[in-house]
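These notes are about the structure you will find just below.
Only the coordinates and a few stated rules stand behind these numbers; no lab work does. These numbers were taken from a predicted model, which means no experiment stands behind them. Glycine gets a Cβ as well: all are built from the backbone with ideal geometry, and neighbour counts include every protein chain shown.
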Amino acid sequence: MNHLANPEALALLVLVPVAAWALSRRRGAGGGLSYSAAARAAALPRTWRVRLRWLPGALRLVALGLLAVAIARPQETSGQRRTSTEGIALQVVMDRSGSMREPIEFEGEERSKLEVVQRVLSAFVLGDGKGLKGRPGDMIGLIAFARFADTISPLARVHGPLVEAAKQVQVASTRAEDGTAIGDALALAAARLKRAEEEVARAPRGSSGRPEFTIKSKAIVLLTDGQNNAGEASVDEAAALCKQWGIRIYAIGVGAGERFAVMRGLFGDQRIPVGSGIDERTLRAAAEATGGRYWPAEDGESLTRAYAEIDALEKTRIEVREFTSVRERFVPLVVAALGLVVLESLLGATVLRRSP
């Protein structure tokens, strides 16, 4: 990129027409030779020296203009922008057991728990233009579980595919796949985070010696509406593994709070409390053991608030560094101006010398 360090110095270019005017006045007022017959002098042939008598003055004016531009200091700058991110490695663990088909309130409507979880997850990852700003600097992956835990989207810093994959997750539809393997899902998420940390540590570094991305912290966001009743690992065992590897668990009980079933009887319909079915005690203990938290989320609004608090707890640090080099371009202009002045002096003293 080219620019002038002292652009105000271009005002000196005004001296060029002033000097041209002064030269013309001087030439008009200069001496001459007296001829007894002016007609004879006019008839004399014009030599090349006469035709080029304007050249020394022109050289002086060009030199003056070049010096004015040189004083303005033209420069060529080039640089590069380097971004270093200390982000969060975040593994979202989503329950898709049969009970996630039950409705909860979201934006004034009744929707299934799974659909609400999918919608709020998209807002958390990409931002909703309101309370959730998105997580553009983080490495995020997705695991869904019922009786078995499966990786839906690997940990990555490009989040569009993750959001689209989350929309395709469906509630378990057969008895063979239904269940709630919370422990296995947490253990799988912890293993994925541990491996990602090792891969990032082995990644090549740039010319600055600093990696483009480093993992500032590792966390799991667990969304479930039940209690561990399938799989091999218990929630406590998975939490112990997370604690060992420095992974925090943020657990959210989807559809928490007192729930009621409507029973028909002799005296009409009666609402009977049935509880939420969420093992809140175990989830809270697992989260707190790893330095995390547990949130009960009875509807979509409280789920959004839980994500907003996670946003506040897990902050990404993005550092931008700019490197700029400057090359001065005024030296050739000064050399050219001095060369023109020397040439003017030589011509004025030799072949284009004026007499008298």
Residues with amide H under 5 Å of PHE213's amide H, sequence separation 5 or more or different chain, H placed in the peptide plane at 1.01 Å from N; which? THR85
Using the basic label-point model (7 angstrom from Cα toward the beta carbon), what is the GLU301 to SER112 distance in nanometres? 2.5
Report the calculated FRET efficiency for ALA289 and LYS315 (r = Cβ-Cβ distance, R0 = 30 Å), to the nearest 0.05. 0.85
Below 8 Å, C-alpha to C-alpha, sequence gap of six or more: please give me the relative contact order for region 81-321 in percent. 26
When you count, for each residue, the other Cβ atoms within 10 Å and take the mean per peptide, how do 145-153, 226-234 rank with the highest first? 145-153, 226-234
Which pairs in the list LYS194/LYS216; LYS133/LYS243; LYS133/LYS167; LYS130/LYS315 are over 24 Å apart, alpha-carbon to alpha-carbon? LYS133/LYS243
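Test of understanding: ordering LYS194, LYS167 by Cβ neighbours within 10 Å, fewest first, what list do you get? Spell out each step's value before the answer.
Numbers: LYS194 18, LYS167 13.
Listed from fewest to most nearby Cβ atoms, that is LYS167, LYS194.
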With θ taken as phi - 60° and the coefficients 6.51, -1.76 and 1.60, list the Karplus ³J(HN,Hα) couplings across region 55-70 in order, rounded to whole Hz; mark glycine and proline as x. 4, x, x, 5, 4, 5, 5, 5, 4, 4, x, 5, 5, 5, 5, 5
Tell me the label-point distance for the pair GLU76, SER345, using the 7 Å Cα-to-Cβ offset, in nm and rounded to one decimal. 3.1
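Assuming 0.36 nm per residue, please report the length gained on full extension of the stretch ALA9 to GLU198 beyond their Cα-Cα distance.
62.3 nm
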³J(HN,Hα) across region 231-243 via Karplus (A = 6.51, B = -1.76, C = 1.60, θ = phi - 60°), whole Hz, x for Gly/Pro? x, 9, 8, 7, 5, 5, 5, 5, 5, 5, 5, 4, 5
On a full-extension model of 0.36 nm per residue, what is the gain between TRP21 and LYS216, subtracting their alpha-carbon distance, rounded to one decimal in nm? 63.2 nm
When THR85, THR290, THR214, THR350 are ordered from fewest to most other Cβ atoms inside 10 Å of their Cβ, what list results? THR350, THR214, THR85, THR290
Residues meeting the amide H criterion for LEU222 (H placed from the backbone, H to H distance under 5 Å, 5 or more places apart or on another chain) are VAL93, TYR250, ALA251, ILE252
Net charge of Cβ neighbours under 12 Å - reference MET100; Lys, Arg +1; Asp, Glu -1: -1
Kindly write out, for region 330-338 in residue order, the coupling ³J(HN,Hα) from the Karplus curve 6.51 cos²θ - 1.76 cosθ + 1.60 (θ = phi - 60°), rounded to whole Hz, with x marking Gly and Pro. 8, 4, x, 5, 5, 4, 5, 5, 5
